[in-house]
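Everything below concerns the one structure shown next.
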Amino acid sequence: MLKLKAVTRILALLTLTSHLGVVGAVCMNPKTWISGYKVPLTLETREAEAIVIGRVVSEQPLQEDQADPDGTTAYNVSIKVLTRMKGYLPNVFVIRNENTSSRYPMSVGEEHILFINRFGNALWVNACGNSALRTEAPHLVRQIKQRLQKSAIPLRN
C-alpha cells in the first residue's frame, strides 16, 4: 500500500511538472551567492574575448563519457559570424555548449548576439550573461556599441 501511494505521488508530480520544459541556468551572484544573478552588461562587454552577431549553422552532439555511451555530454555548435563587434574570430567558429542546465540555448538557423569567452582551448557562452536571440534584444547592439565606445582608448598621433 505504501509503495502504491509513493508511485501515485511521483506520477502526480511528474504530470504537474511535465509542462515546465528545460530548466534554465542557476546564476549565483559571486559576492552574495544569491540566485538570479545576471552579469552586468558593462562588465561582460569589457571581459568578453569577442562579441559577435552570428547564425547557428550546425550542432554536433558529443558523447565523451564512456560510462554513459548513450548520453550526450556537450555539443559543438558552429556559428557563422554575421557582424563582429569586438575581438576576432574566424568567419565560422565552434563553441562548446555543455549538456547541463548551465548551457546557453541555441538552435540551428537562429541568430544570436553572443559574448564569447575562452576556457583553455574551448570557446563558450555564459548562460548568466547578456547573450540573446537577436530578435528578442533589439536594443542590445546599441547598448554594446555605447559601452565599447566609452571604453575605447584614444589613439595617440
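Nothing in this text is a laboratory measurement; each read-out follows from the coordinates by a stated rule. All values reported here derive from a predicted model rather than from experimental measurement. Cβ: placed from backbone, ideal geometry, glycine included. Neighbour counts: every protein chain shown.
What GluC sites (Glu not before Pro) does the range 96-144 have in DSSP loop regions with at most 16 other beta carbons within 10 Å?
The qualifying sites are Glu110.
Looking at the range 26-57, the GluC sites (Glu not before Pro) that sit in a DSSP loop and have at most 16 other Cβ atoms within 10 Å of their own Cβ are Glu49.
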